[in-house]
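Structure record follows, encoded as structure tokens.
The values are calculated or read from the model by the stated rules, or taken from the named source; none is laboratory data. These figures come from a predicted structure and were not determined experimentally. Neighbour counts run over all protein chains shown; Cβ positions are idealised from the backbone, glycine included. The area values use the complete protein model at the heavy-atom level, side chains included, leaving out ligands, DNA and RNA. Shrake-Rupley method; radii C 1.70, N 1.55, O 1.52, S 1.80 Å.
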Amino acid sequence: MAFEIEERTLQHLKKLISINTSNPPGNESEAVAYISDVLKQVGIQPVVIEPQKGRGNCIVRLKGKGEKGGLLLNSHLDVVPAGNEKAWRNPPFSAADEGGFIWGRGAVDMKHMAAMMLAIVEEISLKGVAPRGDIVFVWTADEERGGECGARYLVQKHRDLLEAEYGIGEVGGFGLSLGGKTFIIVQTAEKGLCWFRLRTAGLSGHGSMPDPESSVAKISRAIAALSDAKLPVHSTRTFSMFLESVITKAVPGPVGKFGKMAISAKLLKTIMRRFPNSKVVKGLWPMMANTVAVTMLEAGDSPNVIPQEATAVVDGRYLPGQTREGFLSEVTAVIGKDVDIEIIQEGEPFEVSSETELFRIIQETVERFEPRMNVVPFLNPGFTDGKWFSKLGIIWYGFTPLIGVSPEGWSTFETIHAVNERVPVELVKKGSRVLLKLIESWMF
Ligand SMILES: [Zn+2]
């Protein structure tokens, strides 16, 4: 049976992928123009906000009957650059429909959601029935570079347009396979970010006369210490619930029950230290501790001159419940006080409860389509537009549904930002129905 919502979603997805919104420069306005055209055909005039030329954001509010708080749906329209286009099996903006996939940059991050949202506005407006509460659709620019021309700007300058009780955006709604089970993750927490520059100073001099206290020697020691460091473990409600669900469901019976009891931060830390290079450990560690990754280095301009100053840039991420100051004191404990720290970019972490009516409806909707899959709360170590929207007090979940059995050799996390980004047609189709059903159950 063919569903109209599926067909329309696929059509919008292909069109949106074919519009190159690589950021930089973004050029999201071209995608906004397409969205606006579609909306006008069903009699809707969207609000378009362009903080800079070419950086369009698009907002539609479907007025509800006021019986419920508003629900905001968000998708960013920009994509990361395609990299080496020759390495792609199908050109990154071709939106090729091949082998059961739609190919192209943005296929999963996150034009599938942008397309679903558009098809859903059409569907609801054709229905001609007012929802119980407002439904707000927000397509944003500039997520991949921090939202200065997108969500961050809208939250600062146009909060009146964004009024809602709940919000749905990245990251979640897709499967994570663990122990032979598929878990559908839903972001309920997001780490904070704190990017900082380390600076060391020493005496400059001739390269033939080495100095163990030179700026470069000092920064090298700091970098080495940070790269080897495992900062302290901190527990969060989201990660505890994630772990508990995964262990009880993936390991049924008494072993699972025992595993659940035996889980403690201390035990996990021991496991992590024992097997630092295991894939699972690498994946879980950022959800348990604040992390630091050295990403940029700079010192010197001549082979025979010891430079007076050396710098390194560190991408730091800290957990919900932690403060920036607490995080930086963990860093100082590793590198000592002799290294200067200058903050260059920051964003606070956030965490919301999974014991809400909306979360329960997300769970019910997923189980209705895939009874064997379990919804679990997820702590996102990365960064999304949700960081800005949550500042307005919106209860924010990550749920951009790609529900169903993933094809062999494909997983969401492995295709995001990678060459040959692609999305399985069947998952998009079912996803569009899941999202529509979710909104219908909640708002009609
Ligand atoms: Zn994204």
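For region 2-135, the solvent-accessible area of protein heavy atoms averages 39 Å² per residue (probe radius 1.4 Å; ligands and nucleic acids excluded). Heavy-atom accessible area for THR295, with the other protein chains in place and a 1.4 Å probe, reaches approximately 80 Å². Counted by Cβ distance under 12 Å from GLY431, the other residues give a net charge of +1, where Lys and Arg count +1 and Asp and Glu count -1.
Please report, as a whole percent, how much of the solvent-accessible surface of region 22-114 comes from carbon and sulfur atoms (probe radius 1.4 Å). On region 22-114, the fraction of accessible area on carbon and sulfur atoms equals 50 percent.
Ignoring ligands, DNA and RNA, what percent of the 1.4 Å accessible area of region 277-431 is carbon and sulfur?
On the way: 3490 of 7170 Å².
Percent of accessible area from carbon and sulfur atoms in region 277-431: 49.
Can you give me the accessible area per residue for region 297-444, using a 1.4 Å probe, in Å²?
Values: 6430 Å² over 148 residues.
Per-residue accessible area for region 297-444 comes out at 43 Å².
Each Lys or Arg adds one and each Asp or Glu takes one away; over the other residues whose Cβ falls under 10 Å from the Cβ of PRO51, this sums to +1.
Using heavy atoms of the protein chains and a probe of 1.4 Å, the accessible area assigned to LEU392 is about 40 Å². Once R0 is set to 30 Å, what does the formula 1/(1 + (r/R0)^6) return for the Cβ-Cβ distance between ALA33 and GLU414, expressed as a FRET efficiency to the nearest 0.05? Rounded to the nearest 0.05, the efficiency is 0.40. The peptide list 339-345, 72-78, put in order of mean Cβ contacts within 10 Å with the highest first, becomes 72-78, 339-345.
What FRET efficiency comes out for ALA217 versus ASP97 if R0 is 56 angstrom and r is the Cβ-Cβ distance? Round to the nearest 0.05. List each step's numbers first, then the result.
Numbers: r = 56 Å, r/R0 = 1.00.
Once rounded, the FRET efficiency stands at 0.50.
Which entries in the list LYS86/LYS279; LYS14/LYS430; LYS279/LYS430 go over 18 Å, if you measure between the two C-alpha atoms of each? As for pairs spanning more than 18 Å Cα to Cα, those are LYS86/LYS279; LYS279/LYS430.
Using R₀ = 41 Å, calculate the FRET efficiency as 1/(1 + (r/R₀)^6) where r is the Cβ-Cβ separation of LYS230 and LYS157; round to 0.05.
Numbers: r = 41 Å, r/R0 = 1.00.
Efficiency, from the Cβ-Cβ distance: 0.50.
Calculate how many DSSP beta bridges within the chain are antiparallel, expressed in % of all such bridges and rounded to the nearest 5.
Working: 49 of 71 bridges.
So the antiparallel bridges amount to about 70 percent of the total.
When only alpha carbons are used to place a centre, region 348-367 and region 156-213 end up 22 Å from one another. Annotation for region 278-367: trypsin sites (Lys or Arg not before Pro) lying in DSSP loop with at most 10 further Cβ atoms inside 10 Å of their Cβ are LYS337.
Normalised by the number of residues in region 312-444, what is the relative contact order in percent for Cα pairs under 8 Å and 6+ residues apart? Before the final figure, lay out the partial values.
Values: 66 pairs, mean separation 32.8, N = 133.
In percent, rounded to a whole number, it is 25.
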